[in-house]
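The next block holds one structure in the form of structure tokens; read it before the comments.
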Amino acid sequence: MDGTQLAEDTWTVAGRRFRSRLIVGTGKYKDLPETAAAIEASGAEIVTVAVRRVNLSDPKAPMLQDHVDPKKYTYLPNTAGCHTASEAVRTLRLAREAGGWNLVKLEVLGPAPLLYPDMRGTFEAAEALIKDGFEVMVYCADDPLAAKRLEDMGCVAIMPLGAPIGSGLGVQNPAMICMMMEHISVPFLVDAGVGTASDAAIAMELGCDAVLLNSAIALAKDPIRMARAMKLAVEAGRLAHLAGRMPRRMGADPSSPLTGLIR
Amino acid sequence: MFKTRHPLSDTQPNRRRSAPAPAARTRAPRRSGRLLGLIRTLSNHGKALLATVREPPPPDQLLCIRQDFGTCDPGAIIARIERGLRIAAALEYRIVNCAAYFGGPRTPQPASTPAATAASQALARHEPPGLAKQTLPSVTRPREEPGVPLNHLLDSFTNHVNDQPIGIVLTKICQDLGINYRHRLWWELLDAIDQHGGKYARFERAASNRKPVFDLFPADTSLPLPAPSAWQSPYAAFTEPADAAHTFDRRFDDQNAFQGTPLPALEPSNTLTGRPPFLAALPCRAHIPFMQTVITVTLNGEPRSLDGPVSVSGLLESIGFEGRKVAVERNEAIVPRSRYAETWLATGDSLEIVHFIGGG
């Protein structure tokens, strides 16, 4: 497969078209230059960002926008750290005011240490946000019914977890991911749990439209190299999915012809 | 024998049986619904007053408000009204909780047992109280409608808002809200304060004995004196229409102890701690502060004093965030960028200034 065909393989969320199927977070990096370099290397076009209080004691401190250009990358404000629907809605309204767009990532989390999606809060917040004109990409449990309901409510992307946030355990629920995907027509992403490049490739091979990850790059020894690995893995996984996997069989099937053997 | 009354007992067997007072019998027991209605009306009055003070009223009305509060400092006035509202909310919460406590499903009357019959006969014969004492509750106690409790039950349950009887608390609320004899609820309030263990005389003295504030005004004589009509009814602009006066929520009224109607829920967070949400919901139009020099606001969770009058854009400039990509929330409502310059801050405002940082 050549480059031109690859370039045409795009995906669309909420009317926006993207070439890269990798969405990366901007947290946990050593500093902002490293963040910028890793994002550059990952080839991502969407980056997730958090909304927090400004540092009143140092107003001249460098801001994320100074390094990661919002004109070049689509900022996807998230609601990390929100444990109730009202917190999440409040946060994203502030994000819309700060950034001026309405494509957001909703996550309403349960208590530590799992930070598992709180689906009840997620439903409430999604309803309020959609009513308020937001385009909601929603982080959710690997629950087919919940995912379908979120899609019916009007969420623009469904993003179940592969494993708990920041755990790096990889896609622990491939079967469930496949079953969920069956019923979902909006973009479907694996949002959390990716630990290394092969995990991202697995998620893509399953048929996800994209992968969202943060810690796997930021916490690697060499984040910039890992970012490049992720880019390649996502491309590889996507190509493998498009190419179609060979059937599994319980037994050997020799690859070399059995005729013409020397005896 | 019955020197001390059990707080849950709403009867006084000794006295009542020996000399049943006909007046007390025929009158329906006075429920505290009127008190609850009164407190709610007071709260509404306070909220309206707060909104008016924040958005400067016409000079004559302003003069009256200053007169009532005895100060020219709007910050002090607002702080006092807010304190009054907070105490009122706490009191209301206690009363509603108390009502919920008594408002459970009515317990079925026990079948007439021989003991009960004997007791009722004993009652009829006016026997000495000791005999009927044990069985009294199951026989004679007229179980009131579920709902708002009787006054003395309420008092015994809620007399510890700020460690004081309800009457005193009510007095404090009235003082904080600048209620005086010109207010239409004046007599009603005196009555309630009297009934709930407050000191009527103290309230009246405090309310009517405020110093005139003419000496507090600047020497600017161009400020017109208010018309006499304004002195008569200083709250005319923001009291309810005349026909709404004294029409309390019927559910809380004396004769209509509400039957099974659930009480309006009050969030605990509404009352005792933090900033009451109803303050955030107040209609605060863009207002220009008057005579306000130092403003104390909560900025990103920390108290901060600002030299006023100051708007949101002024604040951003003073802390070095002008022109940065930030979002500002004032009292849990977003301030659009286009309105930074015209959004003036007031003492007690809670501000959040946020921006984007790295996150996954």
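Things to note:
- Here chain A is treated with +1 on each Lys and Arg Cβ and -1 on each Asp and Glu Cβ, and its dipole about the Cα centre works out to around 360 debye.
- Nearest-0.05 FRET efficiency for residue A:248 and residue A:53, computed from C-beta distance (R0 45 Å): 0.30
- Net charge, residue A:134 excluded, C-beta distance under 12 Å - Lys, Arg +1, Asp, Glu -1: +1
- Heavy-atom SASA rank of B:172, A:221, A:131 (probe 1.4 Å, accessible area, largest first): A:221, A:131, B:172
- Radius 10 Å from Cβ of residue A:85, net charge of other residues (Lys, Arg +1; Asp, Glu -1): -2
- Under a 5 Å amide H cut-off, with hydrogens placed 1.01 Å from N, residue B:359 pairs with A:26, A:27, A:50 among residues at least 5 apart or on other chains.
- With all protein chains modelled, accessible area of residue A:116 [1.4 Å, Å²]: 90 Å²
- Looking at region A:20-74, the trypsin sites (Lys or Arg not before Pro) that sit in a DSSP loop and have at most 10 other Cβ atoms within 10 Å of their own Cβ are A:30, A:60, A:71, A:72.
- In Å², nearest 10: area of residue B:342 left accessible to a 1.4 Å probe: 90 Å²
- Peptides B:353-359, B:314-320, ordered by how many other C-beta atoms sit within 10 Å of their residues on average, highest first, read B:353-359, B:314-320.
- Shielding of peptide A:94-101 by partners, expressed as the average count of other chain Cβ atoms within 10 Å per residue Cβ, is 5.
- Spacing of the modelled spin labels on residue A:19 and residue B:60, each 7 Å from Cα toward Cβ, amounts to 7.3 nm.
- Top positive-direction residue, dipole computed over chain A with Cβ charges, set A:111, A:179, A:18: A:18
- Helix axis angle, A:32-42 relative to chain A longest principal axis, alpha carbon, degrees: 30 degrees
- Formal net charge of residues neighbouring residue A:183 (Cβ-Cβ distance under 12 Å; K, R +1; D, E -1): -2
- Against chain A, whose longest principal axis comes from its Cα atoms, helix A:119-131 is set at around 70 degrees.
- Each residue of region A:66-74 was assigned a 3J(HN,Hα) from its phi angle through the Karplus curve 6.51 cos²θ - 1.76 cosθ + 1.60 (θ = phi - 60°); the sequence is 5, 9, 10, 6, x, 6, 8, 10, 7 Hz, with glycine and proline shown as x.
- Zero-based 5 Å bins, Cα pair distances in region A:176-263, whole percents: 3, 13, 19, 18, 13, 10, 8, 7, 4, 3, 2, 0
- When A:66, B:307 are compared by accessible surface with a 1.4 Å probe, the order from highest to lowest is B:307, A:66.
- Per-residue mean of C-beta atoms belonging to partner chains within 10 Å, peptide A:25-36: 2
- Accessible area per residue was computed with a 1.4 Å probe on protein heavy atoms; residue A:259 scores about 120 Å².
- Residue among A:63, A:39, A:51 farthest towards the positive dipole end of region A:1-81, charges placed on Cβ: A:51
- Net length gained if the chain between residue A:222 and residue A:37 were fully extended (0.36 nm per residue, minus Cα distance): 65.5 nm
The values are calculated or read from the model by the stated rules, or taken from the named source; none is laboratory data. Only a predicted model underlies this, so the values are computations on that prediction, with no experimental measurement involved. Heads up, the Cβs are rebuilt from the backbone with ideal geometry, glycines too, and the neighbour counts pull from every protein chain shown. These accessible areas exclude ligands, DNA and RNA; they are computed on the full protein's heavy atoms, side chains included. Shrake-Rupley method; radii C 1.70, N 1.55, O 1.52, S 1.80 Å.
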